[in-house]
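Heads up: the structure comes next, in C-alpha cells.
The values are calculated or read from the model by the stated rules, or taken from the named source; none is laboratory data. Since we're looking at a predicted model, the values are computed, not measured. Cβ atoms come from the backbone with ideal geometry, glycine included; neighbour counts cover every protein chain shown. We work out accessible area using only protein heavy atoms, side chains counted, and drop any ligands, DNA or RNA first. Shrake-Rupley method; radii C 1.70, N 1.55, O 1.52, S 1.80 Å.
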Amino acid sequence: MMNGVVLTVGNPLMGDDGAGPLLAELLEAEAAVGWTVIDGGATPENVTHVVRRHAPDHVLLVDAAAMGLPPGEIRRIGETQVAAKFMITTHAIPLDIIVASLGETVPEVTFVGIQPARVEFFADMTPAVRAAVERLHRQLREGRDPRDIPPIS
C-alpha cells in the first residue's frame with residue numbers, strides 16, 4: 001500500500017493559485033487511499049517537518065505552475081525544470097529548494113503543476129482550473145499513479 005503525502009501549495013486569495021489548497025479540501029472531504037494530505041498554503045516550508053514526520057515513500061507536491069499551456073492543463077514537472085522556469089513566484093521560498101530538501105529524506109518527490117489562467121488577489125478560481133483540480137482529485141481517489149501524469153515537454 002502507498003505511504004504517500006500530498007503536499008499542496010498555493011494561496012486561495014489569489015484566484016487560480018488556490019488550486020493546491022482546493023485539492024487539499026477535496027482530499028480532506030474524500031480521502032484517497034494511501035495518501036495523507038497536508039496543505040502547505042503559501043509557505044510550504046513551514047510544514048516540511050510535518051511531511052517528514054509521516055516518513056512517506058512518496059511526496060506529491062501540487063501547485064499552480066505557469067507552463068505556457070491552456071488553463072487547467074496538468075503536467076508532471078522535473079526537479080530541474082521547477083528551478084528553471086515553471087514557477088509562479090508567490091511563495092516565500094522557491095519550490096525547487098523545498099523539493100530538494102524533501103528529496104533528502106523522501107525516496108520519491110513528484111511535482112505536479114496545474115496551469116493557471118488568472119493569479120491576482122481576490123480573483124475567483126477559473127472554471128478550467130477548478131475542473132482540473134477535481135480531475136486530479138478523482139484520479140488520486142481511483143488509485144491512479146501520479147507518475148502517469150504526462151510530463152511537461
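Quick notes on this one:
- Inside segment 63-78, residues that are at pLDDT below 95, crowded, with 20+ Cβ neighbours inside 10 Å and of a type in the set (Gly, Ala, Ser) make up a count of 2.
- Filtering segment 102-115 to residues that are in contact with a Lys or Arg (Cβ under 6 Å, 6 or more places away or on another chain) and open to solvent by 60 Å² or more (accessible area, probe 1.4 Å) leaves only Thr105.
- Yes/no for Ala123 being touching a residue at least 60 places away in the same chain (Cβ under 8 Å) and outside any loop (DSSP other than H, G, I, E, B): no
- Residue match in segment 15-26 (condition: closer than 23 Å to Pro151 by Cα, open to solvent by 10 Å² or more (accessible area, probe 1.4 Å), among the hydrophobic types (A, V, I, L, M, F, W, C) and modelled with pLDDT of 95 or more): yes
- Residues that are modelled with pLDDT of 95 or more, under 21 Å from Val6 (Cα atoms) and either open to solvent by less than 60 Å² (accessible area, probe 1.4 Å) or of a type in the set (A, V, I, L, M, F, W, C) (or both) occur at least once in segment 116-128.
- Scan of segment 34-58 for residues that are over 17 Å from Pro94 (Cα atoms), in contact (Cβ under 8 Å) with a residue 40 or more places away in the chain and open to solvent by 40 Å² or more (accessible area, probe 1.4 Å), ordered by number: Arg52, His54, Ala55, Asp57
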